[in-house]
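Heads up, the thing below is written out as structure tokens.
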Amino acid sequence: MNLQKELSKQNKNYMKVLVKRGSSIESIHRAHASICDMKGRVLMKAGACEYETFIRSALKPFQALPFLTS
């Protein structure tokens, strides 16, 4: 079973992100996101907040911060 396809079928409440270049839409992305408090309680969500993914290269700017601030 492909978890991503299954969640997409079940939950249509995902965020749709449009990336534009000028007036043209360059790409469309579906996103599942949640905002949690310090205790891990879900305050707001879009899509399936139990959907797990790896942030991989999206985290690189944050990984570089200690080097830039030292």
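The values are calculated or read from the model by the stated rules, or taken from the named source; none is laboratory data. A quick note: this is a predicted structure, and the numbers were derived from the prediction, not measured. Cβ placement follows ideal geometry from the backbone for every residue including glycine, while neighbour counts extend to all protein chains displayed. Quick note on the areas: whole protein, heavy atoms, side chains included, nothing else; ligands and nucleic acids left out. Shrake-Rupley method; radii C 1.70, N 1.55, O 1.52, S 1.80 Å.
Quick notes on this one:
- Chain lengthening between Lys45 and Phe67 when straightened (0.36 nm per residue, less Cα-Cα): 4.7 nm
- Translational D in µm²/s for the range 12-70 (Stokes-Einstein at 10 °C, 1.306 mPa s, Kirkwood Rh from C-alpha pairs): 112 µm²/s
- Modelled spin labels at Ser24 and Met38, positioned 7 Å past Cα toward Cβ, are 4.8 nm from each other.
- Protein-only accessible surface order, largest first, of Leu59, Leu43 at 1.4 Å: Leu43, Leu59
- The accessible area of Arg41, taken with all protein chains in place and a 1.4 Å probe, comes to roughly 130 Å².
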